[in-house]
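Accompanying notes for the structure given below.
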Amino acid sequence: MSIAEMKKITILSKTDDRRHLLDSVRKLGVVHITEKRNISTNELSNAESDKNLLLQCLSVLDAYADKDKKKKAGSEGRASENVFESAKMVVDLFKQKTQAQNDINAIDKYLADMALWDNVSENELKKAFDANSSFALAKADKKQLKSAEFEKIRYVRIPNSPNSLILSLDSLPSGCVTYKMCGKDIVEEKAKKEELENKVRDINKSIASFVSIIPSVKAALKDVNRNIEFERHFGGMVNNGSVAYLEGYIPSDEVSKVKNGLLNEKSFAYLIEDAKGDETPTLIKTNRYTSMLSPVLGILGISPGYEEKDVSFWFLSFFAVFFALIIGDAAYGLIISLIGLALIIKAKKFNAMNKLVLMLGICTFIWGALTGTWFGSEAVLTAMPFLQKVVVPQFTNFPSLFGVTDAFTQNSMMRLSFSLGALQLCIACVLNVIQKIKTKDLSFVADIGWFSTILSLYFLALVLVVGQSFNFMIIALGVLVGFVLVLLFRGFEPGISFASGIKKSLAGAFTTFLDTISAFGNVMSYIRLFAVGIASVAISQSFNGLASGLLHGPLIIFGIMILVIGHTLNMVLGLLSVVVHGVRLNVMEFSSQCGIEWAGIEYHPFR
């Protein structure tokens, strides 16, 4: 469990050998290339056009494939020689269908407008206009009807359509939409619509016949994506006359592989040196446990910087605890565990995602059992007394069953939340101290100060919120000592003199004061674990109460529906709360104390 050491590599070749160089690097499969330029080539433009064509084709075909065909089409396939021609035909057919459908919609609108004529009396027209007048159907709002222009002309209103009028073509006012009655033959328009509908049906059949090429299109898309990546790196290479070069990064344990691979290419030259700086990508080496964090970091789109600490173990461990406390229901945990097992059976192997789901489910199940929470129902505990044997009375959600008060259990839960927060933040301080001692960075003394401050503020939170008695002078002394240590030593770094370090530290006195106040807010922030957990139980109890009166007699089906919908909704809300609160405590409070910004670049080798 660590961030792999990286080496920076620069590889040179003759300008004419650039494609050969990239092909050799791709075969090595371990070089993370950094592009120094962004120059588009004809090959790149063509490849991106091919990608757009294939994506459009897939989008169209997916809408035509039923579930069985989709399942079959989702398997791996090899791109056929005419896949691009077929894709173009699909896209062209879809464009024809879209145009035909637009024409049908236009005809429908015209016919709907013409249907208004059925409500017009021929006698009314004769009274309002000359016998030889040509008419138009017009749309006009109230403001137009009150204008001076309309006062001078004659018109007939159409019943049941207040904005529709019949006007003479000889005196059409400006600003209104008109439809000439003699412009189109209704019979011809209906025939044209029928012809277009037949065309759409034929096109749908033609497009559906291409569903079987979905595997070939997906395979071709993979090839095109590889070509796009190749061409982007080609355009990103620096070209100085007869020599071109690329820069990248490789894991230090892959140096021998790269050297052996490039030594066989006599037309290449390379330089390997120590990596440093923000451009260096991060490769986290994980074990079986910490590998489960990868899906979480992938969903969040974050990665630690190369020169930052790897906190995977602590991140994952506290995330699992936070998840359990927020969801907080043994029955929910059992359901999540079964989902994890189903994913494992379906995949026929353990991977990071299904292991994570299973672990989170087990943690939630254990915590829910300890609190006696099964679908938030006291009746479950009463009906099955053996479940009460594992309940810890201090943390139960049903204190009356165990002879304790609500205030006692709530204070215990708040104390636990603050304790988890103080523990996590103090661990961050210890990690900082260990790392800085190794690098001979004297600012580790400031982290000892932070440890003292956080521990003291933790006791202050217990005094203010939980009402626990503690010597206030000791708390104040702990905060004061911590503040002084941070004030004097936070500005140190390797290679800086003692006097310069003190001077730099004192220059940030006001920032140190604000950060000390913020540290108290960070400790208090962990009370969200208690608040969100108890809210989840309250929601469960509310739905149980709604359904309780319907679980007898003919209305039992509605009671069951309320329970299923209610608890499903509560689980979804719980998962959202994990993202909002559980992840935040790791990414914000804990990571800030560790000095981790999660602004790293993930290691992505060209292969």
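The values are calculated or read from the model by the stated rules, or taken from the named source; none is laboratory data. The structure presented is a predicted model; accordingly, all values stated were derived computationally and were not measured. Note that we place each Cβ from the backbone using ideal geometry, even for glycine, and neighbour counts take in every protein chain shown. Just the protein is used for accessible areas: all its heavy atoms, side chains included, with ligands, DNA and RNA removed. Shrake-Rupley method; radii C 1.70, N 1.55, O 1.52, S 1.80 Å.
Details
- Test: S212 is buried (at least 16 other Cβ atoms within 10 Å of the Cβ) and either modelled with pLDDT of 65 or more or among the charged types (D, E, K, R) (or both): no
- For first residues located in segment 537-557 and under 21 Å from T396 (Cβ atoms), partners that are among the aromatic types (F, W, Y) and open to solvent by 60 Å² or more (accessible area, probe 1.4 Å) and lie 6+ apart or on another chain with Cβ distances below 8 Å form the pairs S540/F375; N544/F375.
- Evaluated against (1) open to solvent by 30 Å² or more (accessible area, probe 1.4 Å); (2) aromatic (F, W, Y); (3) farther than 16 Å from S592 by Cα, F418 falls short on exactly one condition, (1).
Every residue, every condition in (1) open to solvent by less than 80 Å² (accessible area, probe 1.4 Å); (2) modelled with pLDDT of 85 or more; (3) closer than 30 Å to N351 by Cα, yes or no:
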site: L263; (1), (2), (3): no, no, no
site: S267; (1), (2), (3): yes, no, no
site: A275; (1), (2), (3): yes, yes, no
site: L293; (1), (2), (3): yes, yes, yes
site: V296; (1), (2), (3): yes, yes, yes
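- Leading residue by the ranking (surrounded by the most Cβ atoms within 10 Å (Cβ to Cβ)) among those in segment 522-540 that are aliphatic (A, V, I, L, M) and more than 20 Å from F318 (Cα to Cα): V537
- Among the conditions (1) at pLDDT 75 or above; (2) more than 30 Å from L61 (Cβ to Cβ); (3) touching an Asp or Glu at 6+ places or on another chain (Cβ under 9 Å), E189 misses just one, which is (3).
- Helices (runs of 4 or more DSSP H) wholly inside segment 210-311 that include at least 1 residues being acidic (D, E): 214-236
- Flag if T453 is assigned to a helix (DSSP H, G or I), at pLDDT 90 or above, β-branched (V, I, T) and open to solvent by less than 60 Å² (accessible area, probe 1.4 Å): yes
- For segment 548-558, the condition of being at positive phi and open to solvent by less than 70 Å² (accessible area, probe 1.4 Å) holds for at least one residue.
- Listed by first and then second residue, the pairs linking a residue in segment 1-28 that is at positive phi to a residue that is outside any helix (DSSP H, G or I) and among the hydrophobic types (A, V, I, L, M, F, W, C), with Cβ atoms under 7 Å apart and 6 or more places separating them unless they lie on different chains, form an empty list.
- Subset of segment 373-386 (residues that are assigned to a helix (DSSP H, G or I) and under 23 Å from G566 (Cα atoms)): E378, A379, V380, L381, T382, A383
- Residue, modelled with the lowest pLDDT, within segment 548-564, restricted to residues that are more than 16 Å from D329 (Cβ to Cβ) and either among the charged types (D, E, K, R) or within 38 Å of the chain's Cα centre (by Cα) (or both): S548
- Residue in segment 594-607 that is aromatic (F, W, Y) and farther than 20 Å from G301 by Cβ present: yes
- Test: residue in segment 93-104 that is open to solvent by 50 Å² or more (accessible area, probe 1.4 Å), at pLDDT below 75, more than 30 Å from V224 (Cα to Cα) and under 52 Å from the mean Cα position of the chain (by Cα): no
- Among residues of segment 399-417 that are more than 16 Å from S469 (Cα to Cα), those with a Cβ under 6 angstrom from a residue that is open to solvent by less than 70 Å² (accessible area, probe 1.4 Å) and among the aliphatic types (A, V, I, L, M), sequence gap 6+ or separate chain, pair up as S417/I527; S417/L529.
- Looking at A509, A519, just one residue is buried (at least 22 other Cβ atoms within 10 Å of the Cβ) and at pLDDT below 95, and that residue is A519.
- Any hit, segment 355-377, residues being free of Cβ contacts under 8 Å to residues at least 24 places away in the same chain and polar (S, T, N, Q): no
- Selection within segment 203-238 - polar (S, T, N, Q) and closer than 16 Å to I33 by Cβ: N225, N227
- Among the candidates L442, L370, L425, L358, residue that is open to solvent by 20 Å² or more (accessible area, probe 1.4 Å), farther than 16 Å from V537 by Cα and in a helix (DSSP H, G or I): L358
- Test: residue in segment 393-415 that is charged (D, E, K, R), open to solvent by 50 Å² or more (accessible area, probe 1.4 Å) and not in a helix (DSSP H, G or I): no
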